[in-house]
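**Student:** Before I ask anything, here is the structure I am working with.
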Amino acid sequence: MASIEIDGLVKDYQNRQGKQTRVLDGIDLSISGETFVSIVGPSGSGKTTLLNIVSGIESLSNGSVRLRAGDRDAKVGYVFQDPRLLPWRTVTQNLRFVQHDRSGWEQRAQHYLDLVGLGHLGDRYPAQLSGGQQQRIGIARAFSVEPDILLMDEPFSHLDAMTSRSLREHLERIWLESRRTVMFVTHDVTEAVQLSDRIVVLAPGGRIHETIEVDLPRPRRASDPAVAMLQAEVLARFEVMEAAA
Ligand SMILES: Nc1ncnc2c1ncn2[C@@H]1O[C@H](COP(=O)(O)OP(=O)(O)OP(=O)(O)O)[C@@H](O)[C@H]1O
Ligand SMILES: [Mg+2]
């Protein structure tokens, strides 16, 4: 079972004049098992910085982050805001490129492409796909390395509302099929309610404002009244926090 343990995480950035700005200010977060956790917060509250530190791309100033899978270090996958496919490789070759373990990769690639509904497009090049299809490939690619922990940074934010709604359904389906420990960053509260077991609200200044447990049956439909009601409630709380900032 995978887990993410974040203790007293602090991140300071230094500007050219040597002045320090605190971007994350004492984050404590413990995630274990097949849990889908969303991090929501206004722009600049440190969401991307938090994911970058958890992934190891970025250093931390203080505190600790531990990623474990049983008694070993966890394998981590990262889905960025834009899909970052290699344009000179086909879809299938893009999935092949990220496999550390090549044995059985073809079946794995096909399985995850099928799960996002694009199993028939393996021979296409990224330029021959729509933006939404490219993002689905990006998600299939991340799942195909079968990471213990999956990090996603606003993967749908630059897509239109209809495409992102359908992608949310794809993501929920693929996650239900092959559950992972997920940290999903979004500024979209409604998206967070639809996808998450837990929502962590980051306040400006990089502190956790509150944590909300979401106990609704899956799969969830945006049109389901229980989902819509919780979305409205969380949105109202989010707006109160933003107004107070
Ligand atoms: N490399 C850097 N050097 C200095 N400051 C940085 C750097 N990267 C981010 N910051 C600052 O840290 C703060 C948090 O940035 P971050 O990108 O984590 O926010 P975010 O919550 O992801 O915002 P958004 O919703 O706009 O993506 C911002 O004030 C940003 O200007
Ligand atoms: Mg960001």
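The values are calculated or read from the model by the stated rules, or taken from the named source; none is laboratory data. Owing to the predicted nature of the structure, the values given are computational and were not obtained by experimental measurement. Virtual Cβ from ideal backbone geometry, glycine too; neighbours counted across all protein chains shown.
**Student:** So which residues in the range 32-43 are within 16 Å of ligand 1 (Cβ to nearest atom), out of contact with any Lys or Arg (no Cβ under 6 Å at 6 or more places or on another chain) and outside any loop (DSSP other than H, G, I, E, B), if there are any at all?
**Tutor:** Passing the criteria: Ser38, Val40.
**Student:** Given the criteria over 20 Å from Leu195 (Cα atoms), in contact (Cβ under 8 Å) with a residue 60 or more places away in the chain and either surrounded by 19 or more Cβ atoms within 10 Å (Cβ to Cβ) or away from ligand 1 (no atom under 15 Å from the Cβ) (or both), does Gly46 qualify?
**Tutor:** Considered against the rule, which asks whether it is over 20 Å from Leu195 (Cα atoms), in contact (Cβ under 8 Å) with a residue 60 or more places away in the chain and either surrounded by 19 or more Cβ atoms within 10 Å (Cβ to Cβ) or away from ligand 1 (no atom under 15 Å from the Cβ) (or both), Gly46 comes out as yes.
**Student:** Scan the range 49-62 residue by residue and report those that are out of contact with any Phe, Trp or Tyr (no Cβ under 6 Å at 6 or more places or on another chain), under 18 Å from Val76 (Cβ atoms) and more than 9 Å from ligand 1 (Cβ to nearest atom).
**Tutor:** Ile53, Val54, Gly56, Ile57, Ser59, Leu60
**Student:** Is it the case that Leu50 is within 16 Å of ligand 2 (Cβ to nearest atom) and either assigned by TED's automatic domain parsing to the domain that holds Ser157 or among the aromatic types (Phe, Trp, Tyr) (or both)?
**Tutor:** yes
**Student:** Could you give me the residue pairs with C-beta distances under 7 Å whose first residue belongs to the range 81-100 and is in a loop (DSSP other than H, G, I, E, B), whose second residue is more than 16 Å from ligand 1 (Cβ to nearest atom) and among the polar types (S, T, N, Q) wherever it lies, and which are 6+ apart or on separate chains?
**Tutor:** Pro83/Gln134; Pro83/Gln135; Leu85/Asn94; Leu85/Gln134; Leu86/Asn94
**Student:** Sort through Asp197, Asp224 and tell me the only one that's at pLDDT 95 or above and surrounded by fewer than 21 Cβ atoms within 10 Å (Cβ to Cβ).
**Tutor:** Every option except Asp197 fails the conditions.
**Student:** Moving to a separate point now. Considering every residue within the range 65-78, establish whether at least one is within 12 Å of Met183 (Cα to Cα), within 16 Å of ligand 2 (Cβ to nearest atom) and assigned to a strand (DSSP E or B).
**Tutor:** Yes, there is a match, as at least one residue in the range 65-78 is within 12 Å of Met183 (Cα to Cα), within 16 Å of ligand 2 (Cβ to nearest atom) and assigned to a strand (DSSP E or B).
**Student:** Within 16 Å of ligand 2 (Cβ to nearest atom), assigned to a loop (DSSP other than H, G, I, E, B) and of a type outside the set (Phe, Trp, Tyr): which single residue out of Ile27, Ile57 fits that description?
**Tutor:** Ile57 is the lone residue from the list that is within 16 Å of ligand 2 (Cβ to nearest atom), assigned to a loop (DSSP other than H, G, I, E, B) and of a type outside the set (Phe, Trp, Tyr).
**Student:** Scan Ala192, Ala142 and give me the residue that is within 16 Å of ligand 2 (Cβ to nearest atom), within 13 Å of the chain's Cα centre (by Cα), assigned to a helix (DSSP H, G or I) and touching a residue at least 24 places away in the same chain (Cβ under 8 Å).
**Tutor:** Step by step, each of Ala192, Ala142 is checked, and only Ala192 is within 16 Å of ligand 2 (Cβ to nearest atom), within 13 Å of the chain's Cα centre (by Cα), assigned to a helix (DSSP H, G or I) and touching a residue at least 24 places away in the same chain (Cβ under 8 Å).
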